[in-house]
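Some notes on the structure that comes next.
None of the figures in this text is laboratory data; all of them are computed from the coordinates on show. This one's a predicted model, so the numbers in the text were calculated from it and none came from an experiment. Cβ atoms come from the backbone with ideal geometry, glycine included; neighbour counts cover every protein chain shown.
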Amino acid sequence: MIKLDILAFGAHPDDVEISCSGTLIKHIALGHKVGVVDLTRGELGTRGSSEIRDQECRLASEIMGLHARENLNLSDGFFEINEASKLSVIRAVRKYRPDIVLANTIDDRHPDHGRAAKLVAESAFLAGLSKIETEVDGVKQEAWRPKSVYHYVQDWQLKPDFIVDISGFMDKRMEAMLAYKSQFYNPNSKEPITPISSKAFLDMIVYRALEMGRLIGTQHGEAFKMHRPHGVHHLMDLL
């Protein structure tokens with residue numbers, strides 16, 4: 001089983017592409033092993049269907065060059081932070097043994113996002129407890145706790161704790177996101193209008209990347225939140 005350096009979780013297929021795909025694409029280009037785990041198939045989405053979203057997800061994964069992607073098939077809109085959901089996430093963390101986990105935003109318009117953030121953060125911690133026993137295909141898993149869990153900023157503009165420079169990767173980042181053709185702006189679509197299907201939302205994604213880049217003196221950036229302070233060995237690490 002492949003060990004990943006970074007494992008990004010999304011409550012829905014396209015959460016990762018909307019929010020942190022530039023960061024993932026950049027780290028893949030740098031030689032890191034990167035994967036995504038989607039909690040649900042987005043079956044309650046107003047536009048398209050879960051089957052269409054599955055196809056779009058596969059295309060987006062190919063564009064990003066992911067080393068692994070899977071779906072936990074939790075219930076869209078109704079998954080809870082309970083033992084069953086935690087065990088599903090724990091199995092995924094132990095399966096891929098990532099050093100860094102990325103998760104949904106801590107607070108957002110869609111209630112699934114904040115709930116997913118808490119579910120993944122708690123499960124990443126619990127995955128390191130050896131007395132919690134899990135297995136996959138009859139094989140017992142070893143305990144594994146990621147070194148860090150970070151939360152990507154999504155719809156609501158939250159003040160970032162740090163920003164990743166994604167300059168040079170913006171075009172591919174947008175290509176991956178727009179692989180979800182059923183979800184985003186299309187003036188010829190007959191589907192109902194949603195908060196993410198407007199041209200304004202698409203423009204916001206581009207402008208936000210430009211704004212995050214401006215804040216750190218680069219062309220484009222993606223914003224993240226942390227639960228705990230990030231330690232450095234010396235001040236020069238912050239340059």
Separation of alpha-carbon centers, the stretch 56-83 and the stretch 185-207, rounded to whole Å: 22
Computed [θ] at 222 nm, deg cm²/dmol, the chain (DSSP H ≥ 4; -39,500 (n - 2.57); rounded to nearest 500): -11000 deg cm²/dmol
Phi-based couplings in Hz for the stretch 213-227 (Karplus 6.51, -1.76, 1.60; Gly and Pro marked x): x, 4, 5, 10, x, 10, 7, 9, x, 10, 9, 9, 10, 10, 7
Student exercise, the chain dipole from Lys, Arg, Asp, Glu Cβ charges, in Debye to nearest 20: 380
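Classify the stretch 1-101 as rounded, prolate or oblate, taking a ≥ b ≥ c as the square roots of the eigenvalues of its Cα gyration tensor: rounded when a/c is under 1.5, otherwise prolate if a/b is larger than b/c and oblate if not.
Details: a/c = 2.16, a/b = 1.19, b/c = 1.81.
Oblate shape, in that a/c is at least 1.5 and b/c is the bigger or equal ratio.
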Estimated distance in nm for a label pair at V139 and F78, the labels positioned 7 Å out from Cα along Cα-to-Cβ: 3.4
Estimated distance in nm for a label pair at K3 and Q219, the labels positioned 7 Å out from Cα along Cα-to-Cβ: 3.5
Rounded to whole Hz, the Karplus (6.51, -1.76, 1.60) HN-Hα couplings of the stretch 48-59, x for glycine and proline: x, 8, 5, 5, 5, 4, 4, 5, 5, 4, 4, 5
Three-way shape call for the chain based on the alpha-carbon gyration tensor, with the a/c threshold at 1.5: oblate
Cβ-derived FRET efficiency at R0 30 Å, N188 paired with L44, nearest 0.05: 0.80
Theoretical FRET efficiency, 1/(1+(r/R0)^6), r = Cβ-Cβ of S198 and L129, R0 35 Å, to 0.05: 0.20
Within-14-Å neighbourhood charge of M64 [Cβ basis; K, R +1; D, E -1]: -3
Unsatisfied cross-links (Cα-Cα over 18 Å) in the set K33/K95; K33/K225; K181/K225; K3/K86; K3/K131: K33/K225; K181/K225; K3/K86; K3/K131
Inter-centroid distance (Cα atoms) of the stretch 1-31 relative to the stretch 32-53, Å: 14
